Amino acid sequence: MAEMLVETPQEVVKFLKAQHDLINDMFDDVLQASDPTAREIAFHDLRQLLALHETAEELIIHPRVRREAAFGDEIADAQTTRRALKSSTSPRRSSSTSSPTCGRRW
């Protein structure tokens, strides 16, 4: 993804949506990689972007939602709780990309 200077709220939303598209493409790259090494690299890159993206949403989007949206605290808290539960119960963090079941949980 090319570097982008994000200055307005609309640009933030556009940037995060573009990252969502990139993440979807990266999932496809992981699933379609035929070589185990290529799959591991693609999976590593995907996990790295997901971690950065999640952090950006928590640092930029959640505070704004809390300030400006109706029920903003509840919305942001629900997203934080959902992510915490998902990461604590997700087998993906320790899954091997060489497993025949890789991708079935996605």
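Details
- GluC sites (Glu not before Pro) lying in DSSP loop within the stretch 1-55, provided at most 10 other Cβ fall within 10 Å: Glu3, Glu7
- Available extension along the chain between Ile75 and Val12 is 20.9 nm, counting 0.36 nm per residue and deducting the alpha carbon span.
Read-outs: derived from the displayed coordinates by stated rules, not from any lab. Since the model is a prediction, treat every value here as computed from it, not as a measurement. All Cβ positions, even for glycine, are placed from backbone atoms using ideal geometry, and neighbour counts span all protein chains on display.
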